[in-house]
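Taking it in order: structure first as structure tokens, then the write-up.
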Amino acid sequence: MPLKELQVRYTDRRSKPFKLFDGGGLYLLVKPNGSKLWRLKYRVKGRENTLALGQYPAVSLAAARSKRNSAKVELDRGNDPSPNAADPLIAVGQTFTEIARLWHLNREAGLCPAHAQRVWRRMERDVLPVIGEQFIGDITAPIILGAIRQVEARGALDISRRLKQGIGQVFRFAIANGWAKDDPSVHLLGALKPKPRVRHMPRVALREMPALFRAIRDYDGEDGPYRREVTRDALTFTLLTWARTSESRFATWNEFEGLAGDQPLWRVPAERMKMHREHIVPLPRQAAELLRRRRFASDEPFVFPGEKAGQTISANTMIFACYRMGYRSKQTVHGFRGLASTWANEAQCYHADWIETALAHADENEVRGAYNSAQYLGSRRHMLQDWADLVDSASEGHNVVGAASPI
């Protein structure tokens, strides 16, 4: 039913935006702050667009209908009534959803496909249902915060921060293209709930490392000679390379280069890395020797095969081995990385960037975080070799904790 002037004039605001439809695609968008905006929804070349016709009462109901009729005439002639129709990017409309799609299309070619999909899925799930239909110029910091609060309410504090970052990127993309004047997300600094303190994986003190290294070297679990050897090698390899458990478990032979030379490498593909980018590990001598020995022990594609052909060791194989060695609640496999990091930092002869790159950590600073998989390769090779030599010496009972060669 068509709107009446009194209905438009006296309609009350609500806690959320709502629409009053007049017909022919014309509707009044009423915002929580009381503003009343005329919009025309139309289709051109099979695509749905929205045209801003002004704000009530500056544009009356009669004037809005006149603008609608003029737009319909242009559509009947095959023309897009949008004043920005000459620009194919702007012609799709200026709602947050439309601009967010363009932002994503503009950058997804440079992202790992799986990561690009995750980014857009988060946007579709948590942002677009809340602010997607709003025109980007109408979105304020409180509106964005309202969307983020819904994510915080379910305890997803890490996701809430990623969403704020993504929303800000959409606004900066819009500003660069002349579709927005500012980025309201910058005003949310300090408004988001703080992340809980990180609970670090259990690990032994540095003085206890020799006993741990000996326990790994002498591991004699309950799973048969061959399986014991696979588990022992997986633990040792993970310890020597500072790798995450999943990176070691799913390692395949085609990821390794130069095992017979003096500069062997492990090239972990981006799709298996937590940060979705290739990671190159300069292998210490001991790790390369372990791999050469394992190469003759099995014709499986995985370096650390499971009991069934074509499968890796299970997700629990290495942690259960830690339990059997008496390290339940004392040391996890992921905690090997913490041991190595603590040793390297306390040695005070390795640059912090070498350590962070060896751990394949992300840097929140965008400039410093620009990542090259071969970054600091020579320095990291030296550092990992020092660590492997320390593991060897400590497992023999030598008092070398904290030792490191000078740079």
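The values are calculated or read from the model by the stated rules, or taken from the named source; none is laboratory data. In this text the structure is predicted, and so the values were computed from the model without any measurement. Glycine also receives a Cβ, built like all others from the backbone with ideal geometry; neighbour counts cover every protein chain displayed. These area figures cover heavy atoms from the full protein model, side chains too; ligands, DNA and RNA do not enter into them. Shrake-Rupley method; radii C 1.70, N 1.55, O 1.52, S 1.80 Å.
In table form, for the structure just shown:
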item: Residue ID - most open to solvent (accessible area, probe 1.4 Å), chosen from residues in region 284-328 that are among the hydroxyl-bearing types (Ser, Thr, Tyr) and touching a helix residue (DSSP H, G or I) at 6+ places or on another chain (Cβ under 9 Å); result: 314
item: Residue in region 194-203 that is assigned to a helix (DSSP H, G or I) and either open to solvent by less than 40 Å² (accessible area, probe 1.4 Å) or basic (Lys, Arg) (or both) present; result: no
item: Matching entry among 263, 331 (being of a type outside the set (Gly, Ala, Ser), assigned to a loop (DSSP other than H, G, I, E, B) and open to solvent by 40 Å² or more (accessible area, probe 1.4 Å)); result: 263
item: Leading residue by the ranking (surrounded by the fewest Cβ atoms within 10 Å (Cβ to Cβ)) among those in region 266-277 that are in contact with a helix residue (DSSP H, G or I) (Cβ under 7 Å, 6 or more places away or on another chain) and farther than 19 Å from residue 238 by Cβ; result: 271
item: Cross-chain or 6+ apart pairs with Cβ under 9 Å, region 340-351 first and more than 18 Å from residue 241 (Cβ to Cβ), then of a type in the set (Ser, Thr, Tyr); result: 349/405; 351/376; 351/379
item: Counted residues, region 340-396 - those being of a type in the set (Lys, Arg) and either open to solvent by 30 Å² or more (accessible area, probe 1.4 Å) or at pLDDT below 85 (or both); result: 2
item: Output for region 149-178, where each listed residue is touching a residue at least 24 places away in the same chain (Cβ under 8 Å), open to solvent by less than 20 Å² (accessible area, probe 1.4 Å) and either basic (Lys, Arg) or within 14 Å of residue 96 (Cβ to Cβ) (or both); result: 163, 166, 167, 170, 171, 174
item: Which numbered condition residue 219 misses (of (1) assigned to a loop (DSSP other than H, G, I, E, B); (2) in contact with a Leu (Cβ under 6 Å, 6 or more places away or on another chain)); result: (2)
item: Residues (at pLDDT 85 or above and touching a strand residue (DSSP E or B) at 6+ places or on another chain (Cβ under 8 Å)) located in region 288-309; result: 291, 301, 302, 303, 304, 305, 306
item: Some residue of region 238-252 being assigned to a helix (DSSP H, G or I), open to solvent by 10 Å² or more (accessible area, probe 1.4 Å), among the polar types (S, T, N, Q) and on the phi < 0 side of the Ramachandran plot; result: yes
